[in-house]
1. Go through segment 365-386 and give me each residue that's touching a helix residue (DSSP H, G or I) at 6+ places or on another chain (Cβ under 9 Å), assigned to a loop (DSSP other than H, G, I, E, B) and more than 16 Å from Gly351 (Cβ to Cβ).
2. Could you please find all residues in segment 192-218 being of a type in the set (Ser, Thr, Tyr), out of contact with any Gly (no Cβ under 9 Å at 6 or more places or on another chain) and either over 13 Å from Gly8 (Cα atoms) or touching a residue at least 60 places away in the same chain (Cβ under 8 Å) (or both)?
3. Which condition from (1) surrounded by 13 or more Cβ atoms within 10 Å (Cβ to Cβ); (2) farther than 28 Å from Arg115 by Cβ; (3) of a type in the set (Lys, Arg); (4) in contact with a Ser or Thr (Cβ under 6 Å, 6 or more places away or on another chain) is the one that Arg264 breaks?
4. Which residue is farthest from Asp382 (Cα to Cα), if the candidates are limited to segment 324-343 and must be out of contact with any helix residue (DSSP H, G or I) (no Cβ under 6 Å at 6 or more places or on another chain) and basic (Lys, Arg)?
5. Only residues in segment 27-47 that are among the aliphatic types (A, V, I, L, M) count as the first member; pair them with residues that are in a loop (DSSP other than H, G, I, E, B) and modelled with pLDDT under 95, Cβ under 6 angstrom, at least 6 apart or cross-chain, and list the lot.
6. Please indicate, with yes or no, whether at least one residue in segment 397-406 is over 25 Å from Met353 (Cβ atoms) and part of a loop (DSSP other than H, G, I, E, B).
7. Would you mind stating whether Pro32 is assigned by TED's automatic domain parsing to the domain that holds Asn147, surrounded by 14 or more Cβ atoms within 10 Å (Cβ to Cβ) and over 30 Å from Pro298 (Cα atoms)?
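The values are calculated or read from the model by the stated rules, or taken from the named source; none is laboratory data. Since the model is a prediction, treat every value here as computed from it, not as a measurement. Because the Cβ atoms are built from the backbone with ideal geometry, glycine has one as well, and the counts that use them run over all protein chains shown.
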Amino acid sequence: MPFEIVIGLEVHAQLSTGSKIFCSCSTEFGAPPNTHVCPVCMGLPGVLPVLNKKVVDYAIRMGIATNCTISQHSVFARKNYFYPDLPKGYQISQYEEPLCENGSIEIEMDGHLKRIGITRIHIEEDAGKSVHAEEFVSKNETLVDLNRCGVPLIEIVSEPDMRSPREAYLYLSALKQILAYLEISDCNMEEGSLRCDANVSLRLTGAKALGVKTEVKNMNSFHGVEKALEYEIERQKEILLKEGKITQQTMLWNAREGKIVPMRSKEEAHDYRYFPEPDLVPVDVDRKWVDDIAHELPELPLQRKRRFIRQYSLPDYDAAVLTVSRHLANFYEESVKLYNDTKKLSNWVMGEMLRFLGERKLEIQDSLITPQNLVGLLQLVDRGTINTGTAKSIFDEMAETGKAPQKIVEEKGLAQVSDASELDAIVVEVIEAHPNELEKYRAGKENLISFFMGQVMKATRGKANPKLVNELLRKKLAEKRG
């Protein structure tokens, strides 16, 4: 390909504060339209904003986690533009003096680490929401819900360091993980808590100057971002190969049709007529404030993954899955304190636990299974009280009821049958009940031992000790073969 891809992302994350950035209105999602509003967030004349300190705390957390310099002095600005869902006619944001600057994060791709620079992280308020409800289309009406007005945001602006849609996807995934680990955003893209705008351009391979960029909006999933970028890259490439010119503009991704459509010409900073917000004092952050927040930060995802590989001798894949969320990683580590087979434990958490959570659409913190009960289940298998098949059925009941595994075994009589004489009689009975299969086995079809094994397990309702059954079957079948 004669062109190099250049991608930069602007990510807006709603912060999980209980109240809005400049007033005490609730930030709860899903309330009836225009019920979480007041004169401040509605932009009525004569009102004054008051900054929510927790918003600054959360922004500093993200700045430290992404290796940013935390500015001792930052200033709010008015960003002027006009939409029906922006009642003041401007948005309070930060421009020339943001809170966090010059950071970076690392992403893993094909076994290698790549550093993606972060230009800035600044604080701003969200706008409202225009609702183009289908029942009003014939009337050519748009409804406005101002509940979202004033919900606190941080905007994370990357350097143009990504060179493929896949890198953009991985960068977004890493950002989301960090936000979730810090517990400063719920990162719910369906509810608009995490939104992304992508700037993409092409330039001749080896060129230093950037090409003309377009901005792509309206992407509601990470895979949507990846697909939209792929589409826009191909569109720009076709134009450039025909010696055409790229127009700087804002584009909308239509996921249903899988294509991009122009929205408007791309704004420049001067179009917004930024100027310092006269109703808010500058934010002065002292060293102690930053140090106190840094001291409280949790271990971050990539560092925790590396430690899992080193400390628990886990494969890269296992460590990545187990650290995908802070709560899942915590569950695993609490379990490891009680059980020293780290790989077997990993298999159960990644297998049965994530299967059950996925089927029920639950998070690990909502599960009724405790680390103590999961370990208790594995110890029952290790002691030979139950077999693995029975353990998996017990797991589901534990997950549904929260009961301890030993109690379920006792209530349902699920203890494993390990009495050799009892199993020997059942094995003989099964072999004699299937003469045709016995003849085939004697003729050399040795894989039929699995059939006999299944029949014995069926006869014992899955409670037979599989290892002992296997030994008895091989002995008896060998005798029959003569």
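1. If the condition is that a residue be touching a helix residue (DSSP H, G or I) at 6+ places or on another chain (Cβ under 9 Å), assigned to a loop (DSSP other than H, G, I, E, B) and more than 16 Å from Gly351 (Cβ to Cβ), then Leu368, Thr370, Gly384, Thr385, Ile386 are the ones that fit.
2. Ser193, Thr205 - these are the residues of segment 192-218 that are of a type in the set (Ser, Thr, Tyr), out of contact with any Gly (no Cβ under 9 Å at 6 or more places or on another chain) and either over 13 Å from Gly8 (Cα atoms) or touching a residue at least 60 places away in the same chain (Cβ under 8 Å) (or both).
3. In the conditions (1) surrounded by 13 or more Cβ atoms within 10 Å (Cβ to Cβ); (2) farther than 28 Å from Arg115 by Cβ; (3) of a type in the set (Lys, Arg); (4) in contact with a Ser or Thr (Cβ under 6 Å, 6 or more places away or on another chain), Arg264 misses (1) alone.
4. Lys337
5. Val40/Val47; Met42/Pro87
6. Within segment 397-406, none of the residues are over 25 Å from Met353 (Cβ atoms) and part of a loop (DSSP other than H, G, I, E, B).
7. Answer is no for this residue.
Quick grid of which residues meet (1) buried (at least 23 other Cβ atoms within 10 Å of the Cβ); (2) farther than 15 Å from Val285 by Cβ; (3) among the aliphatic types (A, V, I, L, M); (4) without any contact (Cβ under 8 Å) to a residue 24 or more places away in the chain:
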site: Ile64; (1), (2), (3), (4): no, no, yes, no
site: Ile70; (1), (2), (3), (4): no, no, yes, no
site: His73; (1), (2), (3), (4): no, no, no, no
site: Asp85; (1), (2), (3), (4): no, yes, no, no
site: Glu97; (1), (2), (3), (4): no, no, no, no
site: Ile116; (1), (2), (3), (4): yes, yes, yes, no
site: Glu125; (1), (2), (3), (4): yes, yes, no, no
